[in-house]
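Asks: The structure that follows is given in the form of structure tokens.
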């Protein structure tokens, strides 16, 4: 972990360009001529991000969807994706899932690279989007007095994962085929003070937003829409829901369906307060992708 | 191999956007507002593209350099890169090499993703460039009657690889730290009818250019500048030199130092003729990255 932190620190030292707002867990935002581009790159590794033996169509879907979700949080319209693919046994299924997700969101495949390798496979997507509103929303813009909102329901991906793991036959699409909220992100982008997608769990991502914005965020757990009320804390800690977490000035209504779950406060003892309890450390709040 | 070909075929079927000119071995060219962007993504895998135990600073250099070489062949000015990095033992050396190559070519790191994984590591770079001339040069524009040129000397990377492999102590920079010809590519882009970088060997890449252009290319081996004349054929088959291969109309002089090595002829019996001998099949002509 500290080796990883060291490396990311050295990358941050290299990423001095103003476009590199949030290396390595946020998008790059780049002015090109009269346009503003949003670029993101996410990798999935067998054994880390998906289990060996997974349906590769679902791996492909999710790989593209998580990158499009990053664009959604920036209010960006996808322009296309590049694929980096380590070839393997289920490439036909992978191609099928890729075709499905690209068609579902009307996103072209622009190019990429294929390589063969031994051992666990990795798959990368670079997604390119065009900002529909500038300044492009970031996680660092939350202002004291803003209200905190989240779209949809948290924990649905967790239940999907459990259904898949336990072979219950229950629907697992929320986990396997997440839906990037591109239209919602575009509708929100002109109004929000801060926005990000909930990829690693509501609590961890809210912690990060508070930290990036140098404020505290207070969340009222009773307000948080969860997929299973008996396991509300699990639902708030589980990632993979790809809902949008955002803040709005107090006099602004959300232009999309969303639930108000808390408020932005002056930076206090901790970045995050859950029902008034300070949460000091991101460890254990959610899922940290390694 | 046929599984790989099937997958690439299914990717090509998806890549119907006009930007996806050459999936999966060429750049995407994308009109964005008043600008034309060039995008490329290349991966290096431990054990396939570099040996376990390699100096990771050199792996990082080469990874960036090969992507910048793709931009060079399009006459594009780099805007930045995104890194997809599987973390491992030598990340500090990797970061050092990354810093060196980005500084050498004044290219910013814009973002990316880091993941941990087990087994052989993979590393991806997405490079984004801005075209300096449109139409952007492609490998498919060679015209009958054009002259065929190559920059620099071929086989230097081969000799560097052998020096490194055999521990002779001889200079291996041509293999380990290739120099993308960005300035040369920009100078050429307004003049060439076709251009590509020599990544997989002169013969294989010339074969591909002829095929893409629906012409034949005749190369006169005595004219080809090679690093070791006793092994001229090896030098023409070895990849990794990252020189520029291009065609010019007969009345146009090359604006950069380059050697005329042949000519473009009507499509004949084979895409490529070496000293008049037809070369029908790309297998064995050069290095095919798997």
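Asks: Is it the case that residue A:57 is surrounded by fewer than 24 Cβ atoms within 10 Å (Cβ to Cβ), out of contact with any helix residue (DSSP H, G or I) (no Cβ under 7 Å at 6 or more places or on another chain) and under 25 Å from residue A:241 (Cβ atoms)?
Replies: no
Asks: I'm trying to understand the selection: among the residues of the stretch B:172-192, which are farther than 13 Å from residue B:244 by Cα and either part of a helix (DSSP H, G or I) or in contact with a helix residue (DSSP H, G or I) (Cβ under 9 Å, 6 or more places away or on another chain) (or both)? Reasoning before the result, please.
Replies: First, pick out the residues of the stretch B:172-192 that are farther than 13 Å from residue B:244 by Cα: B:172-177, B:190-191.
Once the filter is applied, which keeps residues that are farther than 13 Å from residue B:244 by Cα and either part of a helix (DSSP H, G or I) or in contact with a helix residue (DSSP H, G or I) (Cβ under 9 Å, 6 or more places away or on another chain) (or both), the stretch B:172-192 yields B:172, B:173, B:174, B:175, B:176, B:177.
Asks: To continue, here is another question. Of the residues B:71, B:30, which single one is modelled with pLDDT of 85 or more, over 19 Å from residue A:115 (Cα atoms) and within 7 Å of chain A (Cβ to nearest Cβ)? Don't jump to the end; show me each part of the working.
Replies: Details: B:71 fails: within 7 Å of chain A (Cβ to nearest Cβ).
Result: B:30 is the single residue among B:71, B:30 that is modelled with pLDDT of 85 or more, over 19 Å from residue A:115 (Cα atoms) and within 7 Å of chain A (Cβ to nearest Cβ).
Asks: Check A:272, A:248 and return the single one that is touching a helix residue (DSSP H, G or I) at 6+ places or on another chain (Cβ under 6 Å), within 19 Å of residue A:141 (Cα to Cα), buried (at least 24 other Cβ atoms within 10 Å of the Cβ) and outside the structural domain of residue A:76 (by TED's automatic domain parsing). Explain how you work it out, then say what you get.
Replies: Values: A:248 fails: touching a helix residue (DSSP H, G or I) at 6+ places or on another chain (Cβ under 6 Å).
Residue meeting the stated conditions: A:272.
Asks: Could you list, in sequence order, the residues of the stretch A:36-60 that are farther than 21 Å from residue B:112 by Cβ and at pLDDT 90 or above? Give the derivation first.
Replies: Kept after step one, since they are farther than 21 Å from residue B:112 by Cβ, are these residues of the stretch A:36-60: A:51-58.
Scanning the stretch A:36-60 gives A:55, A:56, A:57, A:58.
Asks: Select, from A:169, A:117, A:129, the only residue that is modelled with pLDDT under 95 and either part of a strand (DSSP E or B) or assigned by TED's automatic domain parsing to the domain that holds residue A:35 (or both). Please lay out each step first, then the result.
Replies: On the way: A:169 fails: either part of a strand (DSSP E or B) or assigned by TED's automatic domain parsing to the domain that holds residue A:35 (or both); A:129 fails: modelled with pLDDT under 95.
None of the other options fit; the residue is A:117.
Asks: With the requirement that a residue be surrounded by 18 or more Cβ atoms within 10 Å (Cβ to Cβ) and out of contact with any helix residue (DSSP H, G or I) (no Cβ under 8 Å at 6 or more places or on another chain), what does the stretch A:132-152 give you?
Replies: Hits for the stretch A:132-152 are A:146, A:147, A:149, A:152.
Asks: If the requirement is being farther than 20 Å from residue B:66 by Cβ and either modelled with pLDDT of 95 or more or buried (at least 19 other Cβ atoms within 10 Å of the Cβ) (or both), which of these qualifies: B:187, B:212, B:156, B:183? Working first, answer last.
Replies: On the way: B:212 fails: farther than 20 Å from residue B:66 by Cβ; B:156 fails: farther than 20 Å from residue B:66 by Cβ; B:183 fails: farther than 20 Å from residue B:66 by Cβ.
Result of the check over B:187, B:212, B:156, B:183: B:187.
Asks: Here is a further query. Being farther than 14 Å from residue B:9 by Cα and more than 10 Å from every other protein chain (Cβ to nearest Cβ) is true for just one of A:135, A:108, A:120. Which residue is that?
Replies: On the way: A:108 fails: more than 10 Å from every other protein chain (Cβ to nearest Cβ); A:120 fails: more than 10 Å from every other protein chain (Cβ to nearest Cβ).
Only one candidate qualifies: A:135.
Asks: Kindly provide the set of residues from the stretch A:201-222 that are touching a helix residue (DSSP H, G or I) at 6+ places or on another chain (Cβ under 7 Å) and not in a strand (DSSP E or B), ordered by number. Reasoning before the result, please.
Replies: First pass over the stretch A:201-222, keeping only residues touching a helix residue (DSSP H, G or I) at 6+ places or on another chain (Cβ under 7 Å): A:201-203, A:216-217, A:219, A:221.
Hits for the stretch A:201-222 are A:201, A:202, A:203, A:221.
Asks: If residue B:140 satisfies every condition in (1) in a loop (DSSP other than H, G, I, E, B); (2) touching a strand residue (DSSP E or B) at 6+ places or on another chain (Cβ under 6 Å) but one, which is the exception?
Replies: Failed condition: (2).
To keep it simple, each residue is scored yes or no on (1) at pLDDT below 95; (2) assigned to a helix (DSSP H, G or I); (3) under 20 Å from residue A:74 (Cβ atoms).
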position: A:199; (1), (2), (3): yes, no, yes
position: A:239; (1), (2), (3): yes, no, yes
position: A:254; (1), (2), (3): no, no, yes
position: A:268; (1), (2), (3): yes, no, no
position: A:288; (1), (2), (3): yes, no, no
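Asks: Then there is this: Evaluate the following for residue B:21: is it at pLDDT below 85 and under 28 Å from residue A:130 (Cβ atoms)? Break it down stepwise before answering.
Replies: On the way: at pLDDT below 85: yes; under 28 Å from residue A:130 (Cβ atoms): yes.
Yes; evaluated as a whole, the condition is true for this residue.
Asks: Continuing with the same structure: In the stretch A:105-122, is there at least one residue being surrounded by fewer than 24 Cβ atoms within 10 Å (Cβ to Cβ), out of contact with any helix residue (DSSP H, G or I) (no Cβ under 8 Å at 6 or more places or on another chain) and within 30 Å of residue A:248 (Cβ to Cβ)?
Replies: Within the stretch A:105-122, one or more residues are surrounded by fewer than 24 Cβ atoms within 10 Å (Cβ to Cβ), out of contact with any helix residue (DSSP H, G or I) (no Cβ under 8 Å at 6 or more places or on another chain) and within 30 Å of residue A:248 (Cβ to Cβ).
Asks: A follow-up question, please. Of all residues being in a loop (DSSP other than H, G, I, E, B) and under 18 Å from the mean Cα position of the chain (by Cα) in the stretch A:37-54, which is nearest to the other protein chains (Cβ to nearest Cβ)? Just the residue, please. Please lay out each step first, then the result.
Replies: Just the residues of the stretch A:37-54 that are in a loop (DSSP other than H, G, I, E, B), to begin with: A:47-49, A:51-54.
If we keep only those that are under 18 Å from the mean Cα position of the chain (by Cα) too, we end up with A:48-49.
Details: A:48: 6, A:49: 7 Å.
In this case the residue turns out to be A:48.
Asks: Now for a separate question. How do the pairs read when you match residues in the stretch A:82-98 that are within 7 Å of chain B (Cβ to nearest Cβ) with residues anywhere that are surrounded by 24 or more Cβ atoms within 10 Å (Cβ to Cβ) and in a helix (DSSP H, G or I), using Cβ under 7 Å and keeping only pairs 6 or more apart or on different chains?
Replies: Going by the 7 Å Cβ cut-off, the qualifying pairs are A:98/A:60; A:98/A:64.
The values are calculated or read from the model by the stated rules, or taken from the named source; none is laboratory data. These figures come from a predicted structure and were not determined experimentally. Here Cβ is always computed from backbone atoms with ideal geometry, including for glycine, and neighbour counts include all displayed protein chains.
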